[in-house]
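A short write-up of the structure that comes next.
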Amino acid sequence: MHFTPISTKSTGPSTLPDAAIDGPPGAAGNVRRESAWHIITADYRRHGSAVTNGAFVSLCIYRFGHWGLHRRSPITRGLASKFYGLMNFFVANITKIWIPPRVTIGRDFHIVNNEGSLSIHPDVVIGDRLGVMHNVTIGTNMRPGAPLIGNDVFIGTNSTVLGAIRVGDRVRIAANCAVTTDVPSDSVVVGSPARIYPRLGPFR
């Protein structure tokens, strides 16, 4: 069981799992292959080193569903899909975290606080090191097309990122934002409707 990554714009290699697609803003770079065990143990450490952490459990379900979706054997793919559907039915209704297996997620995805809902559209592509708070929606805006999110992005509480838009690298989206337009790299987004400002210094 392995995840086949692709890279996105970053100073380091990206590992978007099991997909060969155009990544978030930036050109493709080095490609690495990481084992499922390495990815899941990293998820575990990132989410409090607790097997009962809702964010960790939800990510495990997503990882399994994403793995099953890319099996070559129709039988294996079908069995994995049914098992994923059964697990996700119970887990998602408890954790309120919906990450469909078609979503493409890069390295070090972090659900910072899972005391609320998180909903991600199946067509969303997420780069490396996205940090996301609770009560966040990343999806469509009544038309086809979902967001492409770059590397080192943070999305605050109660925010929505909607439509066929591109969010660049190193973007900070504050709480209670409605983002429906492209956001250039190295920006800060505040308000609803969103207002975009260039950063004044390095993010930490």
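The values are calculated or read from the model by the stated rules, or taken from the named source; none is laboratory data. In this text the structure is predicted, and so the values were computed from the model without any measurement. All Cβ positions, even for glycine, are placed from backbone atoms using ideal geometry, and neighbour counts span all protein chains on display.
Of everything in the range 148-158, what is closer than 13 Å to Val183 by Cα and either hydroxyl-bearing (Ser, Thr, Tyr) or not in a loop (DSSP other than H, G, I, E, B) (or both)? Give them in sequence order.
Passing the criteria: Leu148, Ile149, Phe154, Ile155.
Read through the list (1) crowded, with 19+ Cβ neighbours inside 10 Å; (2) more than 27 Å from Leu69 (Cβ to Cβ); (3) free of Cβ contacts under 8 Å to residues at least 40 places away in the same chain, then give the number of the only condition that Ser185 fails.
Ser185 satisfies all of (1) crowded, with 19+ Cβ neighbours inside 10 Å; (2) more than 27 Å from Leu69 (Cβ to Cβ); (3) free of Cβ contacts under 8 Å to residues at least 40 places away in the same chain except (3).
I'm trying to understand the selection: among the residues of the range 159-182, which are surrounded by 17 or more Cβ atoms within 10 Å (Cβ to Cβ), assigned to a loop (DSSP other than H, G, I, E, B) and within 16 Å of the chain's Cα centre (by Cα)?
The answer is Ser159, Gly163, Ile165, Gly168, Asp169, Arg170, Val171.
Quick check: is even one residue across the range 38-48 buried (at least 20 other Cβ atoms within 10 Å of the Cβ), in contact with a Ser or Thr (Cβ under 7 Å, 6 or more places away or on another chain) and at pLDDT below 95?
Checked the range 38-48: no residue is buried (at least 20 other Cβ atoms within 10 Å of the Cβ), in contact with a Ser or Thr (Cβ under 7 Å, 6 or more places away or on another chain) and at pLDDT below 95.
Out of the residues in the range 100-132 that are of a type in the set (D, E, K, R) and farther than 13 Å from Asn151 by Cβ, state the one that is surrounded by the fewest Cβ atoms within 10 Å (Cβ to Cβ). Write out each step before concluding.
If we filter the range 100-132 for residues that are of a type in the set (D, E, K, R), which is where we start, we get 102, 107-108, 115, 123, 128-129.
Narrowing further to those that are farther than 13 Å from Asn151 by Cβ: 102, 115, 123.
Values: Arg102: 14, Glu115: 11, Asp123: 17.
By that ranking, first place goes to Glu115.
Which of the residues spanning the range 65-107 are closer than 17 Å to Ala55 by Cβ and among the β-branched types (Val, Ile, Thr)?
Hits for the range 65-107 are Val91, Ile94, Thr95, Ile97, Ile99, Val103, Ile105.
Only one of (1) closer than 20 Å to Asn114 by Cβ; (2) under 16 Å from the mean Cα position of the chain (by Cα) is not met by Trp67, so which one is it?
All conditions pass for Trp67, except number (1).
Assess whether Ala80 counts as being of a type in the set (A, V, I, L, M), more than 21 Å from Val153 (Cα to Cα), touching a Phe, Trp or Tyr at 6+ places or on another chain (Cβ under 9 Å) and not in a helix (DSSP H, G or I).
no
Taking the range 63-77 as the region of interest, how many residues are out of contact with any Ser or Thr (no Cβ under 9 Å at 6 or more places or on another chain), in contact (Cβ under 8 Å) with a residue 60 or more places away in the chain and not hydrophobic (A, V, I, L, M, F, W, C)?
Going through the range 63-77 one residue at a time, the tally reaches 1.
In the range 164-182, how many residues are basic (Lys, Arg) and under 16 Å from Ser192 (Cα atoms)?
Total meeting the criteria: 1.
Looking only at the range 112-126, count how many residues are closer than 16 Å to His47 by Cα and modelled with pLDDT of 95 or more.
Of the residues in the range 112-126, 1 are closer than 16 Å to His47 by Cα and modelled with pLDDT of 95 or more.
What's the number of the condition Thr137 fails, among (1) part of a loop (DSSP other than H, G, I, E, B); (2) modelled with pLDDT of 95 or more?
Evaluating Thr137 over (1) part of a loop (DSSP other than H, G, I, E, B); (2) modelled with pLDDT of 95 or more leaves (1) as the failure.
Filter the range 118-138 down to the residues that are over 16 Å from Ala178 (Cβ atoms) and among the aliphatic types (A, V, I, L, M) and list them by number.
Within the range 118-138, Leu118, Ile120, Val124, Val125, Ile126, Leu130 meet the criteria.
Just to be sure I understand the filter: pairs with C-beta atoms under 8 Å, separated by 6 or more residues or on different chains, first member in the range 158-170 and closer than 19 Å to Asp128 by Cβ, second member acidic (Asp, Glu) and surrounded by 18 or more Cβ atoms within 10 Å (Cβ to Cβ). Which pairs pass?
Close Cβ pairs satisfying both conditions: Asp169/Asp152; Arg170/Asp152.
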